[in-house]
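The values are calculated or read from the model by the stated rules, or taken from the named source; none is laboratory data. If you're wondering where the values come from, they're calculated on a predicted model, not measured in any experiment. Here the Cβ positions follow ideal geometry from the backbone for every residue, glycine too, while neighbour counts run over all protein chains shown.
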Amino acid sequence: MTVSQIYTTAPEIGTRSEKEEEAFALLDKLGIEYERVEHEPAMTIEACQDIDRILDTPLCKNLFLTNSAKTRYYLLLLPGDKAFHTREVADQIGSTRLSFGSAEKMQELLNLTPGSVTVMGLMYDKEHKVTLLIDRDLTKNEYICFHPCQNTGSVKAKTEKMFGEFLKYTGHTPTYVTIKA
């Protein structure tokens, strides 16, 4: 994947998507420092490996999930090298079987599209219809890497800032889970 430069400021207005500009504006408003790169669309965790090497940050998977009745929705953040086993997570949160949520629900609740799932989508979940699930191992990393609501860019920020100031702003209280390596 071609990445030309690491930036420490938001992109110029009008050069990126509206969602990306909103994401960077919020990070700046909250005083969360970051490094960012622009790249071609990265739809999978495998496509992000080169990006994460450049940003020197461990991979982070972001999964949009729902229960079997499609009445509860979750955003699961876990290390990129861990496999997701639905039963393991469902048991910890007291849920029925989990599966991937639809693209339509993802758009409706988080203003995101498949391949662009990110913790930043919580800024659009004003009614708190999405429960945030975080694998405990992510809290051990100094930094977290995520898309700025579009999969043509990636951002590196301090984990404590994203799980602190950012989540405080959105009003989401995470539920921590343990996913075996």
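Can ARG72 be described as basic (Lys, Arg), more than 15 Å from the chain's Cα centre (by Cα), within 15 Å of PRO148 (Cα to Cα) and surrounded by 15 or more Cβ atoms within 10 Å (Cβ to Cβ)?
No; evaluated as a whole, the condition is false for this residue.
For GLU20, all conditions in the list (1) closer than 19 Å to LEU122 by Cα; (2) more than 16 Å from the chain's Cα centre (by Cα) hold save one; what is the number of the exception?
(2)
Please go through region 11-45 and pick out each residue that is assigned to a loop (DSSP other than H, G, I, E, B), at pLDDT below 95 and not β-branched (Val, Ile, Thr). Let's see the steps before the verdict.
Just the residues of region 11-45 that are assigned to a loop (DSSP other than H, G, I, E, B), to begin with: 11-17, 30-33, 39-45.
Going one step further and asking which of them are at pLDDT below 95, we end up with 11-17, 39-45.
PRO11, GLU12, GLY14, ARG16, SER17, HIS39, GLU40, PRO41, ALA42, MET43 - these are the residues of region 11-45 that are assigned to a loop (DSSP other than H, G, I, E, B), at pLDDT below 95 and not β-branched (Val, Ile, Thr).
Return only the number of the condition from (1) surrounded by 22 or more Cβ atoms within 10 Å (Cβ to Cβ); (2) among the hydroxyl-bearing types (Ser, Thr, Tyr); (3) more than 30 Å from THR15 (Cα to Cα) that SER116 does not satisfy.
Evaluating SER116 over (1) surrounded by 22 or more Cβ atoms within 10 Å (Cβ to Cβ); (2) among the hydroxyl-bearing types (Ser, Thr, Tyr); (3) more than 30 Å from THR15 (Cα to Cα) leaves (3) as the failure.
Return a yes/no flag: does region 80-89 have any residue that is modelled with pLDDT of 90 or more, in contact with a helix residue (DSSP H, G or I) (Cβ under 8 Å, 6 or more places away or on another chain) and of a type outside the set (S, T, N, Q). Before you say what the answer is, go through the steps one by one.
Within region 80-89, the first condition is being modelled with pLDDT of 90 or more, and the residues that meet it are 82-89.
Of the ones still in play, those that are also in contact with a helix residue (DSSP H, G or I) (Cβ under 8 Å, 6 or more places away or on another chain) are 82.
Narrowing further to those that are of a type outside the set (S, T, N, Q): 82.
The answer is yes, given that some residue of region 80-89 is modelled with pLDDT of 90 or more, in contact with a helix residue (DSSP H, G or I) (Cβ under 8 Å, 6 or more places away or on another chain) and of a type outside the set (S, T, N, Q).
Only one of (1) in a loop (DSSP other than H, G, I, E, B); (2) within 20 Å of LEU167 (Cα to Cα) is not met by LEU77, so which one is it?
Here LEU77 clears every test but (1).
Scan region 125-159 for residues that are assigned to a helix (DSSP H, G or I) and free of Cβ contacts under 8 Å to residues at least 12 places away in the same chain and jot them down. Full working, then the answer.
Going residue by residue through region 125-159, those that are assigned to a helix (DSSP H, G or I) are 136-140, 159.
Answer for region 125-159, where residues must be assigned to a helix (DSSP H, G or I) and free of Cβ contacts under 8 Å to residues at least 12 places away in the same chain: just LYS140.
Among the residues of region 85-124, how many are free of Cβ contacts under 8 Å to residues at least 24 places away in the same chain, in a helix (DSSP H, G or I) and over 17 Å from the mean Cα position of the chain (by Cα)?
Count: 5.
Would you check if HIS172 is under 15 Å from the mean Cα position of the chain (by Cα) and either at positive phi or surrounded by fewer than 20 Cβ atoms within 10 Å (Cβ to Cβ) (or both)?
Numbers: under 15 Å from the mean Cα position of the chain (by Cα): yes; either at positive phi or surrounded by fewer than 20 Cβ atoms within 10 Å (Cβ to Cβ) (or both): yes.
Yes; evaluated as a whole, the condition is true for this residue.
Exactly one of these conditions fails for ILE51: (1) surrounded by 13 or more Cβ atoms within 10 Å (Cβ to Cβ); (2) β-branched (Val, Ile, Thr); (3) over 29 Å from SER99 (Cβ atoms). Give me its number.
Of the numbered conditions (1) surrounded by 13 or more Cβ atoms within 10 Å (Cβ to Cβ); (2) β-branched (Val, Ile, Thr); (3) over 29 Å from SER99 (Cβ atoms), the odd one out for ILE51 is (3).
Select from region 132-181 the residues that are modelled with pLDDT of 95 or more, under 29 Å from THR71 (Cα atoms) and out of contact with any helix residue (DSSP H, G or I) (no Cβ under 8 Å at 6 or more places or on another chain) and list them in ascending order.
Within region 132-181, ASP135, ARG136, ASP137, GLY164, GLU165, LYS168, GLY171 meet the criteria.
Exactly one condition in (1) more than 16 Å from GLY121 (Cα to Cα); (2) in contact with a helix residue (DSSP H, G or I) (Cβ under 9 Å, 6 or more places away or on another chain) is false for GLU38; which is it?
(2)
Cβ-Cβ below 7 Å, separation at least six or inter-chain, first residue in region 44-59 and closer than 17 Å to VAL117 by Cβ and touching a residue at least 12 places away in the same chain (Cβ under 8 Å), second among the charged types (D, E, K, R) and surrounded by fewer than 14 Cβ atoms within 10 Å (Cβ to Cβ): which pairs?
LEU59/ASP81
For the condition closer than 22 Å to ASP137 by Cβ and assigned to a loop (DSSP other than H, G, I, E, B), what is the one hit in LYS61, LYS82, LYS70?
Numbers: LYS61 fails: assigned to a loop (DSSP other than H, G, I, E, B); LYS70 fails: closer than 22 Å to ASP137 by Cβ.
Checking each option against the conditions leaves just LYS82.
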